[in-house]
Every structure is written in structure tokens, then in C-alpha cells.
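Please read the structure below before turning to the comments.
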Amino acid sequence: RLEFAPRGFFEISRRNLGGRNRVLSFFSRLSLKRQGADAAADDDGFAFTEYRVSGTYRELRAFGSNTDLLVGILSEQGVRTNFNFARQRANAELLRAFTPRLSVSGRYALEFTRLFDEQIEEVDRPLIDRLFPEVRLSLLATGLAWDRRDNPIDPTRGSLVTADVEVAARAIGSQVGYLKTFFQASAFRGLDAGARTVFASRALFGVARGFPRTVVDVAPDGTAIEAVVQDLPASQRYFAGGSTTVRGFQLDRLGVDEILDPNGLSLGGNGVVVINAELRRILTRVLGRDFGVVGFLDAGNVYGRANAVSLARMRGAAGFGIRYDSPLGPLRLDFGFKLRPRTGAERPERGWEYHLSIGEAF
């Protein structure tokens, strides 16, 4: 059926607040829609209100130092095909640049999402749980970045090293607790005088561990059952496969057998390893911009538990692609081929995948 849903926006910002380099912004959006997907076509009025209200405060060189501060709050309510949701979030971030190459960041976030009017098929539940986790998360995170690349968009030499640590705990208001770490290192080297041929490599490694907590379930006979679990919310688990990790796989379909559902979609894990090697070559210029080709080798996997990470269980892919230096950044088309695709009847895999995107894989 055809529905009419009016929508309005209002946004206002104040720059250079107090004569300092501060920005205070407010944004709001309101849309009127009918309640639920099964509402009768002849209902009068609009029963469901979809809205988004957010405020941000940003200050450069806060506290009289080379530190950037960003504070934000958000409240929203929205409609999806088979559910509606309400979400609240607050966050604060600090970024301190010690040198032009070295920076350290810190972040606090508090978020909670509630789903209602649910008509969700069981097969869709893992993806929805990942995007709309129905647990309150209160977390602290810190990160370090050492960036020696000559160009952050399309580097031809240098390196990038990042390390991130994130912790959520019930002591600071979270319903679940965990510790999560992630490390990444990339290197780029031009192989000729004009850097028309570049060798690029990357390795990333992440592990996470949930803190024990007691949950209570009710058996069919009404008996309360207590259990101790250490799982992470789906939104905080690691995923791989796709255009920026192992390109022989579709998005989020790389993982050991234990974390794949019957359709081959990953449920996420507590450990991830990815290794990439790529040779980039500029061939000519088309419409005044560089046109080139790429050959690559990718390997990696996602593991259900941090102590189950094993290089022997990594899956590999090889492939090639083309690059065009568009005004928006490198336009990329990659074809990845699994080195050992599964062909059994239980969960067969297609032998290749393609990915079209903007920006290099790493």
C-alpha cells in the first residue's frame, strides 16, 4: 500500500563559542508514521512517531593543550520493516596529538537500545542483535596511533600502527562486562622512482574476553535456572570477510565452523586474525587520472574464543583488481578467489567473490 509520512528537520549550530574554537550543535528530525507493519490501510491519523534528537559539543585545543574534545548525546526512535526501536546514547572523546605522527585517544560511551512491535524471523535475529543490541553498554576505551604514511587516502610509503583497548564493566553501569583489544600494522613501500609500483601489507589481530555474569532463565515447568555466562554482545564481537579484510569471502561470512549459522553467516567471535599483501601498479592515465591494477593475497579467520586462535585454521584468498583515481578517492573493483573453497553438501561455498567500493582495502 501507499502511505504518506510527513517529515521535518531542524538544525542549529553556534561556532566560535565564547571567542574560542568551540562548536555547539543541535539537530532534530521528526516523522509521523503508522504503528506497525500490519496497520489497517484505512486507519486515521499517525500512530507512530519516528524522531532523532542529538546535540554535540566540540572544542579544539581544550584545557589549553593540544587536545580535541567531543561530547555528544542522542535519543532516537525509528521504524524498520519488522520491528521498531528506541535508542539513547551519550559519549565523550578526547584526542591528544603528541607529535604530527603520534596521537592518543580516550572515549567513554553509554548506550541502550530497546526493540518493540517485533515480527522478527529467527533467521534475521543474529543480524538485528548485532546492529541493535538490547543490553545497556557502559564502556571506556583508549587507543594509540602512529602514522608515518605520506598520504592517508592512497599511501605510497610509510607505515601505520594502531592499538585499541576497550573495557565494559557493571561497576560503571554496563549490563555486561568484557575486555577487548585490537592491534593493526600496515606498511607501504614504493618499488620504483616514481612510486608507480607499490607493495602494501597489513596484519591485524584482535582478542576479547567476557567477564562472568549470572543469568536466570525459566524452564518449561516454571523452575528458575541460574547459569554463569561469559559471552559478548553480538555488536562487540569480531567479524571478517568482505572488501576490507579477506576478499575471497562475502561480508561477515568468514569464520570457523563453530560460529557459522546454517546459512553460512558468521555469529561473530572473540578472536580475529587477518593478513594482507598487495602489489599496486599504475598503468596509464584515463581522463587525466591514474588507472592501475592490483594483485593480492589475503588470509585470516574469526574464532569463537580468544584461546582458540590458530594460524593453522586460517583461510586464504588470492585475486586481482583495478583502481581508478576518481575525485572521491580510489575507485576499486576486486575479484577474490578462495584458495580452498568448501564443496561439501553441508555448507558449500562459491569459489569467488567481487567487491566494488571507494578507497583502498587498507
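The values are calculated or read from the model by the stated rules, or taken from the named source; none is laboratory data. Just so you know, these numbers come straight off a predicted model, no measurement behind them. For neighbour counting, all protein chains shown are included, and Cβ atoms are generated from backbone atoms with ideal geometry for every residue, glycine included. Areas reflect the complete protein model, heavy atoms only, side chains present, ligands, DNA and RNA absent. Shrake-Rupley method; radii C 1.70, N 1.55, O 1.52, S 1.80 Å.
Against the condition modelled with pLDDT under 90, touching a Ser or Thr at 6+ places or on another chain (Cβ under 6 Å) and outside any strand (DSSP E or B), how does Arg125 come out, does it pass?
Details: modelled with pLDDT under 90: yes; touching a Ser or Thr at 6+ places or on another chain (Cβ under 6 Å): no; outside any strand (DSSP E or B): yes.
Judged against the criteria, Arg125 is not a match.
Considering (1) among the hydrophobic types (A, V, I, L, M, F, W, C); (2) over 23 Å from the mean Cα position of the chain (by Cα); (3) within 19 Å of Ser235 (Cβ to Cβ); (4) surrounded by 15 or more Cβ atoms within 10 Å (Cβ to Cβ), say which one Ala62 fails and leave the rest.
(3)
Output yes when any residue across region 200-219 is at pLDDT below 85, in a loop (DSSP other than H, G, I, E, B) and more than 20 Å from Ser310 (Cβ to Cβ), and no when none is.
yes
Hey, any hits in region 272-291 for a residue that's within 29 Å of Asp129 (Cα to Cα) and not hydrophobic (A, V, I, L, M, F, W, C)?
So in region 272-291, the residues within 29 Å of Asp129 (Cα to Cα) come out as 272-275.
Then drop every residue that is not not hydrophobic (A, V, I, L, M, F, W, C), which leaves none.
No; the residues of region 272-291 include none that is within 29 Å of Asp129 (Cα to Cα) and not hydrophobic (A, V, I, L, M, F, W, C).
Can you say whether Arg202 is open to solvent by 70 Å² or more (accessible area, probe 1.4 Å) and over 20 Å from Asp129 (Cα atoms), as far as the supplied structure shows? Break it down stepwise before answering.
Numbers: open to solvent by 70 Å² or more (accessible area, probe 1.4 Å): no; over 20 Å from Asp129 (Cα atoms): yes.
For Arg202, the condition - open to solvent by 70 Å² or more (accessible area, probe 1.4 Å) and over 20 Å from Asp129 (Cα atoms) - is not met.
Using beta carbons and a limit of 6 Å, which pairs, at least six apart or on different chains, have the first residue in region 159-184 and closer than 17 Å to Arg89 by Cα and open to solvent by less than 60 Å² (accessible area, probe 1.4 Å) and the second one outside any helix (DSSP H, G or I) and of a type in the set (S, T, N, Q)?
Going by the 6 Å Cβ cut-off, the qualifying pairs are Ala168/Ser174; Gly173/Ser138; Ser174/Ser138.
Would you point out the residue of region 143-158, among those that are in a strand (DSSP E or B) and open to solvent by less than 70 Å² (accessible area, probe 1.4 Å), that is nearest to Thr197 (Cα to Cα)? Steps first, answer last, please.
Looking only at region 143-158, we keep the residues that are in a strand (DSSP E or B), and these are 143-147, 158.
Then keep just the ones that are open to solvent by less than 70 Å² (accessible area, probe 1.4 Å); that gives 143, 145, 147, 158.
Numbers: Gly143: 32, Ala145: 26, Asp147: 21, Gly158: 14 Å.
Among those residues, the one meeting the criterion is Gly158.
Could you list, in sequence order, all residues of region 11-28 that are part of a strand (DSSP E or B) and either in contact (Cβ under 8 Å) with a residue 24 or more places away in the chain or touching an Asp or Glu at 6+ places or on another chain (Cβ under 8 Å) (or both)? Reasoning before the result, please.
Looking only at region 11-28, we keep the residues that are part of a strand (DSSP E or B), and these are 11-15, 22-28.
If the condition is that a residue be part of a strand (DSSP E or B) and either in contact (Cβ under 8 Å) with a residue 24 or more places away in the chain or touching an Asp or Glu at 6+ places or on another chain (Cβ under 8 Å) (or both), then Arg22, Val23, Leu24, Ser25, Phe26, Phe27, Ser28 are the ones that fit.
Among the residues of region 172-185 satisfying the criterion of being in contact with a Ser or Thr (Cβ under 9 Å, 6 or more places away or on another chain) and of a type in the set (Gly, Ala, Ser), which is modelled with the highest pLDDT?
From region 172-185, those in contact with a Ser or Thr (Cβ under 9 Å, 6 or more places away or on another chain) are 172-175, 182-185; that's our starting set.
Now drop any that are not of a type in the set (Gly, Ala, Ser), which leaves 173-174, 185.
On the way: Gly173: 93, Ser174: 94, Ala185: 98.
The residue in question is Ala185.
Report whether or not Ser235 is part of a helix (DSSP H, G or I) and in contact (Cβ under 8 Å) with a residue 24 or more places away in the chain.
On the way: part of a helix (DSSP H, G or I): yes; in contact (Cβ under 8 Å) with a residue 24 or more places away in the chain: yes.
Yes.
Name every residue in region 257-283 that is at pLDDT 95 or above, surrounded by fewer than 18 Cβ atoms within 10 Å (Cβ to Cβ) and farther than 20 Å from Arg189 by Cα, in order of residue number.
None; the set is empty.
Taking region 315-341 on its own, how many of its residues are of a type in the set (D, E, K, R), surrounded by 14 or more Cβ atoms within 10 Å (Cβ to Cβ) and not in a strand (DSSP E or B)? Don't jump to the end; show me each part of the working.
Let us first name the residues in region 315-341 that are of a type in the set (D, E, K, R), namely 315, 323, 325, 332, 334, 338, 340.
Narrowing further to those that are surrounded by 14 or more Cβ atoms within 10 Å (Cβ to Cβ): 315, 323, 325, 332, 334, 338.
Within this subset, residues satisfying the condition of being not in a strand (DSSP E or B) are none.
The total comes to 0.
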